[in-house]
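Asks: Questions regarding the structure given below will be posed in turn.
Computed from the coordinates by the stated procedures, all read-outs in this text should not be read as laboratory data. Computed from a predicted model, the values in this text were never measured in an experiment. Positions of Cβ are generated from backbone atoms using ideal geometry, with glycine treated the same way; all protein chains shown enter the neighbour counts.
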Protein chains: 2
Amino acid sequence: MKAVGLVVEYNPFHNGHRYHLAQAKRLTGADVVVAVMSGDFTQRGEPTILDKWSRTLAALQNGVDLVVELPVADAVQPAHRFAMGALSLLNDLQVADVVFGAEHPDWDFAAMVKAEQDFNQAAFHQFNNTYATQFNQQLEAVTGHALTDPNDILAFAYHQAKAAGDFGFHLQPIQRVDNHYADQQLTGAISSAGAIRQAVKGHQDVTETVPAQTASALAKLTTIPNWEQLYPLLANHLIQTPASLLEQTYQVKEGLENRLKEAAERHRDFTSFLKAVKTKRYTYGRLMRVAFYLTLNLSDQDMANYHPYHRVLGFTAAGQAYLHQVKKELSYPLITKVNQRMKNAELALDYRAGKLYQFFGTPEQDLTRGPIRLV
Amino acid sequence: MKAVGLVVEYNPFHNGHRYHLAQAKRLTGADVVVAVMSGDFTQRGEPTILDKWSRTLAALQNGVDLVVELPVADAVQPAHRFAMGALSLLNDLQVADVVFGAEHPDWDFAAMVKAEQDFNQAAFHQFNNTYATQFNQQLEAVTGHALTDPNDILAFAYHQAKAAGDFGFHLQPIQRVDNHYADQQLTGAISSAGAIRQAVKGHQDVTETVPAQTASALAKLTTIPNWEQLYPLLANHLIQTPASLLEQTYQVKEGLENRLKEAAERHRDFTSFLKAVKTKRYTYGRLMRVAFYLTLNLSDQDMANYHPYHRVLGFTAAGQAYLHQVKKELSYPLITKVNQRMKNAELALDYRAGKLYQFFGTPEQDLTRGPIRLV
C-alpha cells in the first residue's frame, strides 16, 4: 500500500480540507491518506475550536485513513520545528509523498533552502526586528521572493526539514483553494478555517462550509475555547512564581520573565496583557506560544526529556491495514492507548496539555482513551 | 491614651461586632480600639466576602479607631500561629487589654495552658486522628473541658501565646452575644457572620444585621468570592507542577503533594476535590489552607523570609493620635503606603494574596494604597 502524508491542524475540519486530501490522493496515486495532526493546541499556541477526538472523527469520515497526533512539544512551535516534528513522523510512517498547500506552489523552495546556507548569520542581531523580518530581507535579496504568506513559510520549512532529515518522501506543494487563512469572511462552501471560527463566534451558520460531523460538534459547543478563559491560570502563575523559577520555562529567558510577570500584575485580560508584552523583538505568535508554555509550566527539562512517538488517534480499515504494514519498521514507539504509567512518563506533556484543554469543559483527552476505529 | 486590642476577621463587619467592640471599650475603660484584622483571606484560607478596605471602612465608621492588617503569613494559619501573630502585633502596639469572645469565658484558660505542659507528647502520633482530637482527649482527662467551640479554641490559643510571648496586656474573655458562627440562620439584628454570608448567597435581605457601609458594599457584589472560582488556578498549578516542586510548598509534605495532584487531575470542582483529599489526618480547615498556600505558590522559603510588620489599613482621628503616641517604640516596621520596592520584598506575600483576590474583580489591593483616614 502506498501512502500520502499530510500535516494538518483541522481547526476545524472543513470542506477545503476534504477537497485538499482528495486532490493529494489523486495526485500521488496513494491508497491511504496519513495525517499528522496537532492535538488540542495549534502551532500558534491557541486552543483548537474542537478537541482532537472530534477533529479526528471528522477527518476519518471524510477521507483520512490514519490520524497520528503531533505531540505538543513539536506542535506548538515555530514553523521550522513544527515542520521537522511532523515530517519526522511521516517519514517514519513511510509515506511516499507529502502534499501541502502553498500560496506560491510554483516557487523553487528547495533552491531557496540552498540559498539560505549562504546567509550572513552575523547580520541577524538587530534586536528591534523579529528574526523573520531580518531573514526575509536576506532571502528576497538572493532569491527575489520573501516568505510572507503562512503556507509559503511552512512550505519552506518542510523543504528545510527534508534537507536536514534526509527524508525519503517527495514534497508536493499544491495551490491552496480556500482563501487566505487570515481572511475573516466566509466565501461559500470552501471557506478558510479562520473565517469559519470567526463565523461560529458570531453565531453565523457555517453548515455549508463543513462536513456533518464538524457541524454537529460545533453546534454542541457551549463555549468557544480561547485564551481569555485560560488567562487567570496564566496570570496567577506569573504573579505567584518567582522570576528565577519562571526563567526555567521553555523559551522564557533574557528578562522576558520579568516583563511577563509585570504585565500579569497589571492586566486583567489576555488581550491587554499580550499588547503590554509585545515588542518588535517578539511576534504575537511567539508570545502566544510562550503563554502556552507558561500555563503548561513547560520547563527546559521537560523539553529535554521529550522523545517523539506515534500517538494514534484514529484509523479506517485501510489505515489499520497500512499501520499493520509499517509498524514493525517504525523507529519511534507506537502508542494506541494511554495508561497510568505513560501519563507521568513519555506522554506527560500531551497529558498535561489535555488537562489544560479540559478547563473548557471537554472530557478526559488521553487517559485510557484508545483510537477511534472507523472500520 | 489607653487602648484595647481586638483580633478580628469582620467577614463581614456586622452589628454583633459593633456591640462587641463597644463592650470591650466600656469594660476596659479604653480611649481607643485597635483591631488587628485578617486581610482578604480568613484563618481557614477562604476569601472574605468583602475586601479588606471595605471591611476597614465599616469598622472605622462603627467604633474601631485603628485597623492593622494581620499579614497573610500569620492570618491563614491554625489557631496557635494565628493567635501568636495577632497578639505579637497588639503587644507591640502597647494595648492594655485584649478582649475576645468565647463560648465559655468562665473557664480558666490560663490553667488549661499550664496543664498542657504535662501532656504526653508521645501519644500524639495516632495518624488516624487529627491532632486536635488527640489533644482534646488529653485536655479533657486533665481539666474536665474539651476545646470544641471555635472561640474557645482561639481563647486557649491567646492564653498560650501570652504565656509564650510574655506579653504585657491583660486577656479578657467575654461571652459571645451572637449565635455560634456555624449557625447558618439569621437571628435578627445580631446574627453570626456565617449566617449573614449564607443569607447573602441566598439573596436574602441582611440590612437589619449589618451597619450601612457593610450593607451597601454587600449590595454592590456581583459575585461572592469563593473557592470554586479559584479552583481552576489551583487545579492547573497542581497538574502542571512536578511533585518535587509542589513539595517545596509550605505545609505540603509527606506524600500530600501526590494526593493533591491526583485529585486535581480527576476532579473538576473544589468541593469534590476537597472531599477526595480528605482523610482523618487532615481537617477541612487544614486542607483549605493548603489549597491557599498552593494557589499562592507559598514556599517554605517564602515563609522563612517573612518578618512581621504593622500594615495600617485605616484610622480615625483618635487612632491617628494613638499611632503617633506609640510609633517611636514599635519593634516591628510601620507600613502605611505600599511602594514598588515593598511589593517584591517584605510585603510580597500580602501583595500576592491581594493579586489572587483581584481575580474576584476587586480593584488593586495594595500597591500605592494608603490607609483610610476617617479624621
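Asks: At residue A:106, with labels set 7 Å past Cα in the Cβ direction, how many nm apart are the copies from this one, shortest first?
Replies: Between copies, matching label points for residue A:106 lie 10.2 nm apart.
Asks: For region B:161-307, what does the convex hull of the Cα positions come to per residue, in cubic angstrom?
Replies: 191 Å³
Asks: Give me the Kirkwood hydrodynamic radius of region A:227-303 in Å, from all C-alpha pairs, to one decimal place?
Replies: So the Kirkwood estimate lands at 12.1 Å.
Asks: Right, another one. Once you list every other residue whose beta carbon is under 14 Å from the beta carbon of residue B:81, what net charge do they have if Lys and Arg are +1 and Asp and Glu are -1?
Replies: +2
Asks: Based only on other Cβ atoms within 10 Å, what is the fewest-to-most ordering of B:14, B:310?
Replies: Ascending number of Cβ neighbours within 10 Å: B:310, B:14.
Asks: Could you please report the charge total around residue A:138, scoring K, R as +1 and D, E as -1 over all other residues with beta-carbon less than 11 angstrom from its beta-carbon?
Replies: Charge balance near residue A:138 sits at -3.
Asks: Let me ask something additional. Evaluate E = 1/(1 + (r/R0)^6) for residue B:212 and residue B:269, where r is the Cβ-Cβ distance and R0 equals 56 Å; express this FRET efficiency to the nearest 0.05.
Replies: It comes out at approximately 0.95.
Asks: Checking the cross-link filter: which aspartates and glutamates have an alpha carbon closer than 18 Å to that of residue A:328, excluding same-chain neighbours under 8 positions apart?
Replies: List returned: A:92.
Asks: Counting only DSSP beta bridges with both residues in the protein assembly as shown, tell me the antiparallel percent, nearest 5.
Replies: 20 percent
Asks: Could you name the lysines in cross-link range of residue A:114, using Cα to Cα under 30 Å and dropping any fewer than eight places away on the same chain?
Replies: Partners found: A:2, A:25, A:162, A:280.
Asks: How large is log10 of I(q)/I(0) for the protein assembly as shown at q = 0.05, 0.07, 0.08 Å⁻¹ when the intensity is taken from the Debye formula with one equal scatterer per alpha-carbon?
Replies: The Debye formula, applied to the Cα set alone, gives -0.34, -0.61, -0.75.
Asks: Got a sec? How would B:359, B:273 order by Cβ neighbour count within 10 Å, fewest to most?
Replies: B:359, B:273
Asks: Go through A:158, B:174, A:308 and say which Cα lies farthest out towards the positive end of the charge dipole of the protein assembly as shown; charges sit on Cβ, +1 for Lys and Arg, -1 for Asp and Glu.
Replies: B:174
Asks: If we count other beta carbons within 10 Å of each Cβ, what is the order of B:341, B:259, fewest first?
Replies: B:341, B:259
Asks: Quantify how strongly other chains surround peptide A:236-245 by giving the mean number of their Cβ atoms within 10 Å of each of its Cβ atoms.
Replies: 6
Asks: Then there is this: Check residue A:362: other-chain or 5+ apart residues with amide H under 5 Å from its amide H, H built from backbone geometry?
Replies: none
Asks: Can you give the helix-only mean residue ellipticity at 222 nm for chain B, where every DSSP H stretch with n ≥ 4 adds -39500 (n - 2.57) and the sum goes over all residues, rounded to the nearest 500 deg cm²/dmol?
Replies: -13500 deg cm²/dmol
Asks: About its Cα centre, what dipole magnitude does region A:219-289 give when the only charges are +1 on Lys and Arg Cβ and -1 on Asp and Glu Cβ, stated in debye to the nearest 20?
Replies: Here the size comes out at about 320 debye.
Asks: Using modelled amide H (1.01 Å from N, peptide plane; none on Pro or chain starts), what sits under 5 Å from the amide H of residue B:100, excluding residues fewer than 5 places away?
Replies: Here B:172, B:174 satisfy the definition.
Asks: Ok, one more. Setting aside same-chain residues fewer than 8 positions from residue A:220, which aspartates and glutamates have a Cα under 14 Å from its Cα?
Replies: Qualifying aspartates and glutamates at Cα under 14 Å: A:51, A:205.
Asks: State whether chain B is rounded, prolate or oblate according to the following rule on the C-alpha gyration tensor (a ≥ b ≥ c being the square roots of its eigenvalues): a/c under 1.5 gives rounded; otherwise a/b larger than b/c gives prolate, and the remaining case gives oblate.
Replies: Rounded, because the longest to shortest axis ratio a/c is under 1.5.
Asks: Oh, and also: Could you check the simple spin-label distance between residue A:120 and residue A:340, using points 7 Å along Cα→Cβ, in nm with one decimal?
Replies: 6.1 nm
Asks: At 0.36 nm per residue, minus the direct Cα-Cα distance, what do residue A:137 and residue A:2 gain on full extension? Give it in nm, one decimal, please.
Replies: Between residue A:137 and residue A:2, full extension yields 44.6 nm more.
Asks: Now, a different point. Given label points at 7 Å from Cα along Cα→Cβ, what nm distances, shortest first, separate residue A:307 from the same residue in every other copy?
Replies: Ordered by increasing distance: 5.1 nm.
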